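What follows is a set of notes on a single structure, which appears directly below.
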Amino acid sequence: MDLQALVNDAFARHQSGQLVEALRLYRTVLAAHPPIALVLSLAGDAATTSGDPASGRTLLRRALALEPRKSSFRQLLAFAEATLGNIGAAEESYAAAVECDPGNLSAMSDWANLIRVRQPEKAHALVRKCVLAEPGNASRLRHLAELTVPASRGSGRRMLSHVTVLDPSDEIAWKQIGLVELAEQDDLSAGTSLKRSLALAPADATTYVRLASSGGDNPDSRECLKILRRALTINWQNADAWLSLSNILHGEDLKEEAGRGFRRSILLNPGNPIALGNLLVLTAESLSCGAAEIRAGYRRARCLNPVEITTLVNYTKFLVEEGALGEAIRAARSAMIAGDAGLDMFIGLANGHRQSRQHAATERYLRWASAVFPDAGNVQSGLIMGPNYESGVSAQSLFRRHREWAERWAPAEEALSYDVDRRPDRPLHLGFLSPDLKRHPVGFFMLPVLEHLDRSRFRISVYSDLASGDLFTGELRRHAETWHDTGRIPDRELRQRIMEDRVDILFDLAGHSAGNRMKLFARRAAPLQMTWMGYVGTTGLPTMDYLVTDRFQTAPGTEQFYTEKWLVLPDDYICFAPSPTTPPVAPAPVLANGYVTFGSFNNPAKLTDEALSLWCDVLEAVPDARLLLSYRGFDDPGIQEGIRGFLAARGISPKRVSFETNRFHEEFLGGYGEMDIALDTLPYSGGLTTCEALWMGVPVVTLATQDHFAGRHSLSHLSNAGFPEWAVRTRKDFVDLSKALAFDHRRLAQIRQSLRNAVAASPLCDRERYARGVETQLKAAWTDYCAASESAAR
């Protein structure tokens, strides 16, 4: 065996990204030869980079046992520790690497990156040493400026402005100042600095590209397009100009023209993974090619630059959307190993683990992100929303978390800028604020509201934070008198616009879910504020006046665990409006199969061990039954292995469970043709999923013992659909009902034939009845507000 050839082959594979194969070859060498420190370190690096940092750490420790003073080994160990979330241990390893070799500026710089948020002064000192060691190294100086600016804007600018004092005609210095100001979001100053640079170098197309990005959070897209086209007039081969132009066109939903621009940018600069990555994002949105082709595109982008953070972020998001959760987690880890501890990577890791049923890991990553990015509102919201998925949750425990969030993070209430017209009998102006007005549960639930509210009594304005809409967005827009695209507008500016619009009742349709505006609602933007249909319980905000609910959704006796008063609708708190493209009801599959198929089409994040244990009881009671699970992510090998392993531990053959995933909603609904009985999840029960199962002729069995909002969706929907008997109170009743349905094939066939018509005739789907109930309760809430205001004024 030629060990040197093996090492060379392993290293070549390592460099090309074939990490698993490289690691196998390294281990072959180590098995055949006394331990070699360099091979151990390379194997440790390969293990860490391929997603097994624990093994990587072990190998690197073995390497250090042989060469304890090797600085580069300690630097690699620091990467492994950081990937495992052991920030303290990572910092110790970086310190040891620098102590072993004070000239290891790479380790010093990486160490500074690790601690730049938590210990900015120490990070600044480390990079300053690098600059002093290499005073002519521009990248070191640039790093120092980046660390200086967050702590002191004036000092950061002076570091670059000093050059312009020495040489006022240095256009590059002015450009760099403008870039720093862009990073500070000082867009007005950035525009001035960049124009100063252009006055000195008017043929610099690159500066025009940067100038186009200085428009702030709500840029004038026409002006930006004009600037970028000027840049292309100067140099039509400027790939960055084509890229920026295409990004704006993409934002304006001009997808075809944006696609052409992205392709032109790629032709001009084939080595730029960002243009290819943005084209892949556009392609995924437009569904213009299959997932396999998009994956191949991301592989090409990663070959161009394996550590390009934007590519890795977008690839992670794509994989999460596709349900390739194990791959998504590995991609996010790769980005962090590459040097990015960015917020998007933490969120990607948290989402991947959440969808993979690894809730403890999800919380770990979110808490890590919270420590590194303490002002990131979406991280804080994720931490308080997450327990809805976890066993042992209660209305009381959720209330405590949400109240603590509000006390720590919510800004103080601010007075409205106008005098409210407190006449109780006048038409009301309703405002709906949401990031999810598309093919999404919130979009589906909003349609009956927009379609059927009486316009003689209510005027409607929609504030859509959606980045990019779909065909369903167009349908929703058609039913709103006024529609504002507000995704790029900061909270304070949007609050001012809502007040200028004189909205009487402002609805939050997001709660603490992604893209929320909780801090806007904390400041108050309307006389009455209500949270509805987009979240699963209290927001924790004292300024959220009402939670829209029904008599089933919120458990009697839990009123003290909500900061909001309850606006109780007479029927369901939502109205189910089935899609016109829903497939017809298929015959009960038991008739053809001879055995019953239980199933769940819920998000895998809801499949707790508690739910699987209950389902195992059912499968034990019905020995010939099968279990069908379908949702994005169920084709992930890790999820399948975990569920099959759980069943096997209970003595249930893994062959009895099957998994499906569908890209299109109609295909997803068609899957109900393979299911006889739906088993609900817990503690987070099915919402829209339960409604869709009923519409497709499938009875749903739920254990209605939870007292928190998310645990009572199915209880409400089943009760309003006319089937409260399918919501049981004990585990034994859950098993008994599932068993009774399973053994009565004739009854299943009858349910299949009649259920859709029964649901269609029930309050769950009665849009007019639902709208009248909403109107009555909203008017009552407004009348109470007016009376309370009048009483307070006396």
Check: Taking the condition open to solvent by less than 40 Å² (accessible area, probe 1.4 Å), touching a helix residue (DSSP H, G or I) at 6+ places or on another chain (Cβ under 8 Å), among the small types (Gly, Ala, Ser) and not in a helix (DSSP H, G or I), does Ser214 pass?
Finding: yes
Notebook entry, point to check: Quick check, is Gly711 more than 27 Å from Pro556 (Cα to Cα), in contact with a Ser or Thr (Cβ under 6 Å, 6 or more places away or on another chain), open to solvent by less than 10 Å² (accessible area, probe 1.4 Å) and touching a residue at least 12 places away in the same chain (Cβ under 8 Å)?
Noted result: no
Next item on the list: Can you confirm whether the range 495-508 contains a residue that is at negative phi, open to solvent by less than 30 Å² (accessible area, probe 1.4 Å) and of a type in the set (S, T, N, Q)?
Entry: no
Next item on the list: Would you mind finding the one in Val313, Val281 that is part of a helix (DSSP H, G or I), within 25 Å of Trp242 (Cα to Cα) and open to solvent by less than 20 Å² (accessible area, probe 1.4 Å)?
Entry: Val313
Next item on the list: Tell me which residues, restricted to the range 568-578, are crowded, with 20+ Cβ neighbours inside 10 Å, of a type in the set (A, V, I, L, M, F, W, C) and under 29 Å from the mean Cα position of the chain (by Cα).
Entry: Ile574, Cys575, Phe576
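Residue-wise test of (1) hydroxyl-bearing (Ser, Thr, Tyr); (2) without any contact (Cβ under 8 Å) to a residue 60 or more places away in the chain; (3) assigned to a helix (DSSP H, G or I).
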| residue | (1), (2), (3) |
| --- | --- |
| Phe659 | no, yes, no |
| Asn662 | no, yes, no |
| Leu669 | no, no, yes |
| Gly686 | no, no, no |
| Thr690 | yes, yes, yes |
| Ala693 | no, no, yes |
Next item on the list: Name every residue in the range 333-355 that is open to solvent by less than 20 Å² (accessible area, probe 1.4 Å) and closer than 21 Å to Gly642 by Cα, in order of residue number.
Entry: Gly348, Leu349, Ala350, Gly352, His353
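Residues checked against (1) over 28 Å from Ile505 (Cβ atoms); (2) of a type outside the set (Phe, Trp, Tyr):
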| residue | (1), (2) |
| --- | --- |
| Val701 | yes, yes |
| Ala704 | yes, yes |
| His708 | no, yes |
| Phe723 | yes, no |
| Phe734 | yes, no |
| Leu737 | yes, yes |
| Asp744 | yes, yes |
| Arg769 | no, yes |
| Val774 | no, yes |
Note to self: List the residue pairs whose Cβ atoms are under 6 Å apart, where the first residue sits in the range 227-256 and is assigned to a helix (DSSP H, G or I), the second is small (Gly, Ala, Ser) and surrounded by fewer than 17 Cβ atoms within 10 Å (Cβ to Cβ), and the two are 6 or more positions apart or on different chains.
What the structure shows: Ile234/Ala203; Ile248/Ser221; Lys255/Ser286
Check: Restricting to the range 727-763, what's the tally of residues that are more than 22 Å from Asp572 (Cβ to Cβ), open to solvent by 40 Å² or more (accessible area, probe 1.4 Å) and in a helix (DSSP H, G or I)?
Finding: 12
Next item on the list: Confirm whether His402 is open to solvent by 20 Å² or more (accessible area, probe 1.4 Å) and of a type outside the set (Phe, Trp, Tyr).
Entry: no
Notebook entry, point to check: Residue check: is Thr473 touching a residue at least 12 places away in the same chain (Cβ under 8 Å) and assigned to a loop (DSSP other than H, G, I, E, B)?
Noted result: no
Notebook entry, point to check: Across the range 530-547, what is the total count of residues that are more than 12 Å from Gly511 (Cα to Cα) and part of a strand (DSSP E or B)?
Noted result: 1
Item checked: Members of the range 340-357 that are farther than 17 Å from Ile115 by Cβ, at pLDDT below 85 and part of a loop (DSSP other than H, G, I, E, B) -> Ser356
Note to self: Based on this model, can you work out whether Arg367 counts as part of a helix (DSSP H, G or I), closer than 23 Å to Ala78 by Cα and touching a Gly at 6+ places or on another chain (Cβ under 7 Å)?
What the structure shows: no
Checklist line | Filter result for the condition that a residue is among the hydrophobic types (A, V, I, L, M, F, W, C), crowded, with 21+ Cβ neighbours inside 10 Å and either touching a helix residue (DSSP H, G or I) at 6+ places or on another chain (Cβ under 9 Å) or not in a helix (DSSP H, G or I) (or both), over Leu60, Leu38, Leu30 | finding: Leu60
Next item on the list: Inspect the range 526-540 for any residue being touching a residue at least 40 places away in the same chain (Cβ under 8 Å), over 30 Å from Ala284 (Cα atoms) and surrounded by fewer than 20 Cβ atoms within 10 Å (Cβ to Cβ) and give the result as yes or no.
Entry: no
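Residue by residue, here is whether (1) assigned to a helix (DSSP H, G or I); (2) in contact with a strand residue (DSSP E or B) (Cβ under 8 Å, 6 or more places away or on another chain); (3) closer than 30 Å to Gln75 by Cβ holds:
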{"residue": "Ala275", "(1), (2), (3)": "yes, no, no"}
{"residue": "Pro306", "(1), (2), (3)": "no, no, yes"}
{"residue": "Leu319", "(1), (2), (3)": "yes, no, yes"}
{"residue": "Gly326", "(1), (2), (3)": "yes, no, yes"}
{"residue": "Ser334", "(1), (2), (3)": "yes, no, yes"}
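Can you spot a residue in the range 634-646 that is of a type in the set (A, V, I, L, M), surrounded by fewer than 13 Cβ atoms within 10 Å (Cβ to Cβ) and not in a strand (DSSP E or B)? Reasoning before the result, please.
In the first step, residues of the range 634-646 are kept if they are of a type in the set (A, V, I, L, M); the result is 639, 643.
From what is left, the residues that are surrounded by fewer than 13 Cβ atoms within 10 Å (Cβ to Cβ) are none.
No, there is no match, as no residue in the range 634-646 is of a type in the set (A, V, I, L, M), surrounded by fewer than 13 Cβ atoms within 10 Å (Cβ to Cβ) and not in a strand (DSSP E or B).
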Next item on the list: Sort out which residues of the range 192-246 are touching a Pro at 6+ places or on another chain (Cβ under 9 Å) and among the polar types (S, T, N, Q), and write them in order of number.
Entry: Ser213, Asn218
Check: Only one residue in Thr558, Thr563, Thr581 is at pLDDT 95 or above, surrounded by fewer than 21 Cβ atoms within 10 Å (Cβ to Cβ) and under 29 Å from the mean Cα position of the chain (by Cα). Which one?
Finding: Thr563
Next item on the list: For Arg477, state whether it is closer than 28 Å to Pro580 by Cβ and surrounded by fewer than 18 Cβ atoms within 10 Å (Cβ to Cβ).
Entry: yes
Check: Somewhere in the range 732-749, is a residue among the β-branched types (Val, Ile, Thr) and at pLDDT 95 or above?
Finding: yes
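Applying the selection to the range 41-57, what residues are without any contact (Cβ under 8 Å) to a residue 40 or more places away in the chain, in a helix (DSSP H, G or I) and open to solvent by 20 Å² or more (accessible area, probe 1.4 Å)? Write out each step before concluding.
Step one: list which residues in the range 41-57 are without any contact (Cβ under 8 Å) to a residue 40 or more places away in the chain, which gives 41-47, 52, 54-57.
Within this subset, residues satisfying the condition of being in a helix (DSSP H, G or I) are 41-47, 54-57.
Hits for the range 41-57 are Leu42, Asp45, Ala54, Ser55, Arg57.
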Margin query: Can you tell me which residue is nearest to Leu59 (Cα to Cα) among those in the range 1-42 that are among the hydroxyl-bearing types (Ser, Thr, Tyr) and touching a Leu at 6+ places or on another chain (Cβ under 7 Å)?
Written below: Ser41
Margin query: Looking at (1) open to solvent by less than 30 Å² (accessible area, probe 1.4 Å); (2) outside any helix (DSSP H, G or I); (3) of a type in the set (Val, Ile, Thr), which one does Val117 not meet, given that it meets all the others?
Written below: (1)
Check: within 15 Å of Leu628 (Cβ to Cβ), of a type outside the set (A, V, I, L, M, F, W, C) and in contact with a Leu (Cβ under 6 Å, 6 or more places away or on another chain): does that describe Asp680?
Finding: no
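The values are calculated or read from the model by the stated rules, or taken from the named source; none is laboratory data. Note that the coordinates shown come from a computational prediction; the quantities given were computed from them, not determined experimentally. Here Cβ is always computed from backbone atoms with ideal geometry, including for glycine, and neighbour counts include all displayed protein chains. These accessible areas exclude ligands, DNA and RNA; they are computed on the full protein's heavy atoms, side chains included. Shrake-Rupley method; radii C 1.70, N 1.55, O 1.52, S 1.80 Å.
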